[in-house]
Every structure is written in structure tokens, then in C-alpha cells.
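Heads up, the thing below is written out as C-alpha cells.
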Amino acid sequence: LSAIGNLGLLGCPTLAIVGGREASLAGRRFAADLAATLGGAGHVIASGLARGIDAAAHEAALPTGTVAVLACGLDQAYPPQNATLQDAIAERGLLLSECTLGVPPIARAFPRRNRIVSGLSVGVVVVEAAAKSGSLITARRAVEQGREVFVVPGSPMDPRHAGSNSLIRDGAILTRDANHIM
């Protein structure tokens, strides 16, 4: 792995917060509240620096500790709209990647990134995952790695929650607030 930032964060208990890129305002707010509360309780927050839920979790966890795992070289800003957030994480948190410098984001690197996010964490919290979602890959990897999977439920009529709700049906821990996780 390549790293930029505070390697000391790797020695802290870590929880992943992952979810949809096209997240609702309520979902982003919920992820941010969870990240801030869990960070305040001593957990580092890990995620994949995607738009939506990931970005909301990283931003809220900047004061307490966040780790972003990239699916490209650490010198690449992806997604471009998160470039400022990526710079802030490099200064105040930790960026990780198994890609070498100069490698652009490619589709096959994202599932590998998700395996690292779950592997760093004692548990994975899923917020707003669609039926075909990278968040479901992260949850599946977490189960394979012996991690807990926590899921925020959503409306069965909203496709942004189809994957999340199926995880709950399949045995993930229904989560309404940070106390359910702690």
C-alpha cells in the first residue's frame, strides 16, 4: 500500500461508512452525523472517497480521524469534485492505495479498494446502497473477513435503499443510530 498522511490512524479502532454516490440529502446528513459521533467516541472512519455517502462521512470525520482508500494512484484526484476533500484528508487524515502513482481510476480497482476499506475496519456501516452497488461488495467482503455489517434501513419504495434493505433481510444489523454500532 502507498500512503500519504497520518499512519498513526492505522493503530486506532476503525469503522467504515459506505453508501451510494447519488445519495439523498437525508442520507448524507445521517452518514455525517454517524461519522462525527463515532469519531467523537474514538473511532477512525474509513471509506472510499466516492461522492455522496463516502464524502459526507470523510468530511465529518476530518476532526477526529479518517482514512480514504483510493482506486487510483495517490497523485490522482478522483472523483474530481472531491479533490479539495482529498487534499484535506492528506493533511489531516490518511490516504491509502494499492495502485502506484500515476495510475488512473479503472473499474477493476474499485472492488479491490472496497476489500481494503472493509479489511481496515472492525465493522462496516452501509447507508443508502442500491441493488447493484459497490457498497454491497464492501459488505460482502466484510462478512468474508469476519467483520460486523450494520445497515441503515430505508423506504422499500426508494431504489437507493434496495441493496441496504436486502442486507438487513439477509442478516445484517439494522442500525438507527450510533448507539446500535457502539
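The values are calculated or read from the model by the stated rules, or taken from the named source; none is laboratory data. It should be emphasised that the depicted structure is a prediction, and the values quoted were computed from it without experimental measurement. Ideal geometry is used to build each Cβ from the backbone, glycine not excepted, and the neighbour counts take in all protein chains shown. For accessibility, only protein heavy atoms count, side chains too; no ligands or nucleic acids. Shrake-Rupley method; radii C 1.70, N 1.55, O 1.52, S 1.80 Å.
Below is a table of values for the structure above.
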| item | result |
| --- | --- |
| Test result for residue 26, under 24 Å from residue 159 (Cβ atoms) and free of Cβ contacts under 8 Å to residues at least 12 places away in the same chain | yes |
| Single match in 128, 98, 59 (criterion: without any contact (Cβ under 8 Å) to a residue 60 or more places away in the chain and touching a Ser or Thr at 6+ places or on another chain (Cβ under 9 Å)) | 59 |
| Residue match in the stretch 147-162 (condition: closer than 22 Å to residue 116 by Cβ and assigned to a helix (DSSP H, G or I)) | no |
| Where residue 90 falls short, out of the listed (1) hydrophobic (A, V, I, L, M, F, W, C); (2) farther than 21 Å from residue 13 by Cα; (3) surrounded by fewer than 24 Cβ atoms within 10 Å (Cβ to Cβ) | (2) |
| Output for the stretch 121-137, where each listed residue is more than 11 Å from the chain's Cα centre (by Cα), surrounded by 14 or more Cβ atoms within 10 Å (Cβ to Cβ) and of a type in the set (A, V, I, L, M, F, W, C) | 122, 129, 130, 136, 137 |
| Residue tally, condition part of a helix (DSSP H, G or I) and in contact (Cβ under 8 Å) with a residue 24 or more places away in the chain, over the stretch 62-95 | 9 |
| Answer from 140, 51, 112 - the residue that is surrounded by fewer than 20 Cβ atoms within 10 Å (Cβ to Cβ) and part of a loop (DSSP other than H, G, I, E, B) | 51 |
| Residues of the stretch 143-182 satisfying the condition of being among the polar types (S, T, N, Q), under 17 Å from the mean Cα position of the chain (by Cα) and open to solvent by 30 Å² or more (accessible area, probe 1.4 Å) | 145 |
| Residue list for the stretch 15-48, restricted to those being in a helix (DSSP H, G or I), among the aliphatic types (A, V, I, L, M) and surrounded by fewer than 24 Cβ atoms within 10 Å (Cβ to Cβ) | 25, 26, 32, 36 |
| Any hit, the stretch 59-70, residues being at pLDDT below 95 and either among the basic types (Lys, Arg) or open to solvent by less than 10 Å² (accessible area, probe 1.4 Å) (or both) | no |
| Which listed residue, of 115, 92, 29, 108, is of a type in the set (D, E, K, R) and under 13 Å from the mean Cα position of the chain (by Cα) | 115 |
